[in-house]
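The values are calculated or read from the model by the stated rules, or taken from the named source; none is laboratory data. These numbers were taken from a predicted model, which means no experiment stands behind them. Every residue, glycine as well, gets a Cβ built from its backbone with ideal geometry; the counts of neighbours run over all protein chains shown.
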Amino acid sequence: MVDYSMFDILGPVMIGPSSSHTAGAARIGKMAHKFAGDDIKSVDFYLHGSFAKTYRGHGTDKALLAGVLGFGESDDRLREAFEIAAQRGVAYSFQEKDLGDLMHPNSVKIVIRRTDDSEVVLIGSSIGGGNINIVHLNGIDLTISGEHPTIIVRHNTSKGIISGMTNILMACNLDVLYMSFHKKKNRDDEGVMVIEVSDVVSDEALRAIRTFPGIVDVYLI
Amino acid sequence: MTYRFTTGEELLEICGEKKMTIAQVMLAREVEMSKRSAEEIRGQMLDSLNVMKTAIQAGLHEGVKSVSGLIGGEAYKLSQYAATHEPLSGRDMFQAMTNAMSVMEVNASMGRIVASPTAGSCGIVPGALVSTGLRQGKTDEELVEALLTASAIGFLFSRNATVAGSEGGCQAETGTASAMASAAIVEMMGGSPAAALSAASFTIKNILGLVCDPIAGLVECPCAKRNALGTANAILSADMALAGLETAIPFDEVVDAMYRVGKVMSPTLRETAMGGLAATPTGIRIAERIFGPGHGRG
Ligand code: SF4
């Protein structure tokens with residue numbers, strides 16, 4: 001991410017104590033919430049590197065959980081994440097885990113089980129100043145910074161997806177800043193497209209994408 | 001795409017060509033990128049300024065305690081001292097560093113702050129820049145303008161190096177904050193864009209190599225006092241630049257040097273609490289007191 005806004009630098013306005021360990025953690029959690037929604041049964045956090053070593057004193061655990069529950073980094077309820085999870089009947093656990101040498105030191109793997117027993121698996125890194133990168137989603141390595149409005153498209157075929165998407169984006173007058181394609185290893189039939197755009201994405205655009213042949217799911221970040 | 005600078009050199013070029021301040025270029029860049037109006041952007045920055053001012057006041061009271069109990073009450077002690085003594089570092093400097101520590105205590109007690117650029121360094125911009133501005137009778141508008149300057153400097157560090165203690169050590173975190181505050185003070189006091197970049201360069205050169213070794217891994221000790229140091233560093237560097245001193249090594253190269261020094265720093269000295277002060281017998285004892293036995297080493 002090189003196109004930082006001034007509010008990424010002087011900001012975020014946040015609940016302390018650590019931008020990388022508290023605010024960044026809340027943002028990663030909140031990103032997971034975007035994919036998992038509200039109907040969740042349980043969530044397991046696997047903390048890597050510096051996250052694993054120092055999470056307790058920074059409230060990283062509370063921040064991650066608060067994010068998964070849908071709260072932002074300047075939300076006072078961040079402090080009461082454990083209590084709110086208990087009230088909502090969401091089970092949670094925190095474990096230390098080495099996610100590999102190449103992983104950013106402030107990283108976490110989040111495994112969410114929804115009430116319908118489906119799973120969301122996501123790995124996010126807090127890269128400093130509260131900025132984050134999602135580097136893995138449901139078996140696929142990718143990069144989502146969440147800096148701009150981002151459309152995440154899951155598809156089950158590669159045929160015609162790229163031209164289909166660009167046509168829709170063009171028709172909806174959306175300016176594409178960045179587009180990337182990611183496939184599950186050795187599989188052609190399962191992929192994710194990450195499309196960063198400069199403008200607010202209309203419901204109409206989302207509907208057009210959702211109904212396109214081969215599209216499994218669409219998320220707006 | 002006229003205002004999208006990526007280096008200090010490009011920034012100075014745009015400033016020179018368009019006869020603009022760093023603050024103005026940064027604002028134009030933000031307008032260009034976000035498509036929001038200048039007014040809206042200034043408004044949001046004013047909100048941040050107000051969070052800073054509130055945090056300065058909030059930590060000066062008696063009874064502030066961090067979650068771990070490791071820090072709290074220092075800013076109060078400092079203001080008590082200043083009420084009965086003539087601080088050796090001078091009134092303004094003393095007030096600035098007191099304010100910096102106050103904001104850091106608010107942060108450590110899970111209060112609301114503006115990461116600038118990080119939470120671990122959130123005392124320096126309010127401490128150095130806001131305090132100096134208020135002392136100099138600057139208006140909110142002028143302070144918002146100065147925050148724009150600060151954000152431009154922070155952007156260059158984020159883009160071309162790092163501002164995370166876990167990647168570049170404390171030089172990256174509190175160092176960047178000092179550079180931001182220092183350049184902003186210079187511009188606020190009428191200095192040129194080049195002088196502002198000189199001030200930013202001085203701050204980094206002064207603390208190059210500073211390690212990140214927070215006791216018990218918490219952003220409290222030595223962090224609060226390093227924010228006081230960073231505040232003093234920012235004000236001293238601003239004075240030097242306003243006096244006409246110039247940096248021998250250009251800003252961009254200083255940023256790069258900082259980045260490279262951070263890269264070769266042992267991971268034990270990059271926020272892992274496995275080296276430096278955190279790994280002293282007392283540092284380990286404190287960590288075990290907070291987290292329980294066995295949690296002392298990182
Ligand atoms: S020692 Fe580390 S945690 Fe503390 S202020 Fe410096 S960079 Fe931040």
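Somewhere in the range B:241-254, is a residue more than 14 Å from chain A (Cβ to nearest Cβ), surrounded by fewer than 17 Cβ atoms within 10 Å (Cβ to Cβ), in contact (Cβ under 8 Å) with a residue 24 or more places away in the chain and in contact with a Lys or Arg (Cβ under 9 Å, 6 or more places away or on another chain)? Scanning the range B:241-254 turns up at least one residue that is more than 14 Å from chain A (Cβ to nearest Cβ), surrounded by fewer than 17 Cβ atoms within 10 Å (Cβ to Cβ), in contact (Cβ under 8 Å) with a residue 24 or more places away in the chain and in contact with a Lys or Arg (Cβ under 9 Å, 6 or more places away or on another chain). Within the range B:158-170, residues that are at positive phi and touching a residue at least 60 places away in the same chain (Cβ under 8 Å) sit with their Cβ atoms under 7 Å from residues that are assigned to a loop (DSSP other than H, G, I, E, B) and within 8 Å of the ligand (Cβ to nearest atom), at 6+ positions apart or across chains, in these pairs: B:169/B:210; B:169/B:211. Here the condition is being aliphatic (A, V, I, L, M) and over 27 Å from residue B:270 (Cβ atoms); of B:177, B:234, B:196, it holds for B:196 alone.
Restricting A:70, A:29, A:11, A:49 to residues that are in contact (Cβ under 8 Å) with a residue 24 or more places away in the chain and within 16 Å of the ligand (Cβ to nearest atom) narrows the list to A:49.
In the range A:146-153 there is no residue that is in contact (Cβ under 8 Å) with a residue 12 or more places away in the chain, within 14 Å of another protein chain (Cβ to nearest Cβ) and within 20 Å of residue A:93 (Cα to Cα).
Quickly run through the range B:196-227 and pick out the residues that are surrounded by fewer than 24 Cβ atoms within 10 Å (Cβ to Cβ) and within 13 Å of the ligand (Cβ to nearest atom). B:207, B:209, B:211, B:221, B:222, B:225 - these are the residues of the range B:196-227 that are surrounded by fewer than 24 Cβ atoms within 10 Å (Cβ to Cβ) and within 13 Å of the ligand (Cβ to nearest atom). Scanning the range A:117-132 for residues being in a strand (DSSP E or B) and within 14 Å of chain B (Cβ to nearest Cβ) gives a total of 6.
Quick grid of which residues meet (1) under 25 Å from residue B:39 (Cα atoms); (2) near the ligand (Cβ under 9 Å from one of its atoms):
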| position | (1), (2) |
| --- | --- |
| B:142 | yes, no |
| B:151 | yes, no |
| B:163 | no, no |
| B:172 | no, yes |
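Residue-by-condition table, conditions (1) among the aliphatic types (A, V, I, L, M); (2) in contact with a strand residue (DSSP E or B) (Cβ under 9 Å, 6 or more places away or on another chain); (3) surrounded by fewer than 24 Cβ atoms within 10 Å (Cβ to Cβ):
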| site | (1), (2), (3) |
| --- | --- |
| B:142 | no, no, yes |
| B:146 | yes, no, no |
| B:154 | no, no, no |
| B:160 | no, no, yes |
| B:164 | yes, yes, no |
| B:170 | no, yes, no |
| B:173 | no, yes, no |
| B:179 | yes, no, no |
| B:183 | yes, no, no |
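Taking the criterion of being among the hydroxyl-bearing types (Ser, Thr, Tyr) and either within 13 Å of residue B:177 (Cα to Cα) or surrounded by 24 or more Cβ atoms within 10 Å (Cβ to Cβ) (or both), the residues of the range B:77-126 that qualify are B:98, B:102, B:116, B:118, B:121.
Consider residue B:234 carefully, then state whether it is more than 10 Å from the ligand (Cβ to nearest atom), in a helix (DSSP H, G or I), in contact (Cβ under 8 Å) with a residue 60 or more places away in the chain and out of contact with any His (no Cβ under 8 Å at 6 or more places or on another chain). Spelling it out, residue B:234 is indeed more than 10 Å from the ligand (Cβ to nearest atom), in a helix (DSSP H, G or I), in contact (Cβ under 8 Å) with a residue 60 or more places away in the chain and out of contact with any His (no Cβ under 8 Å at 6 or more places or on another chain).
Suppose we keep only residues that are at the interface with chain A (Cβ under 8 Å from one of its Cβ atoms), assigned to a loop (DSSP other than H, G, I, E, B) and not aliphatic (A, V, I, L, M) within the range B:106-129. Which one would you say is nearest to the ligand (Cβ to nearest atom)? The qualifying residue nearest to the ligand (Cβ to nearest atom) is B:120. Counting only helices (runs of 4 or more DSSP H) that fall entirely inside the range B:130-180 and contain at least 1 residues that are in contact with a helix residue (DSSP H, G or I) (Cβ under 9 Å, 6 or more places away or on another chain) and closer than 18 Å to residue B:28 by Cα, the qualifying elements are B:140-160.
Quick grid of which residues meet (1) within 24 Å of residue B:238 (Cβ to Cβ); (2) at pLDDT below 95; (3) out of contact with any Leu (no Cβ under 7 Å at 6 or more places or on another chain); (4) in a helix (DSSP H, G or I):
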residue	(1), (2), (3), (4)
B:31	no, no, yes, yes
B:41	no, no, no, yes
B:49	yes, no, no, yes
B:68	no, yes, no, no
B:77	no, no, yes, yes
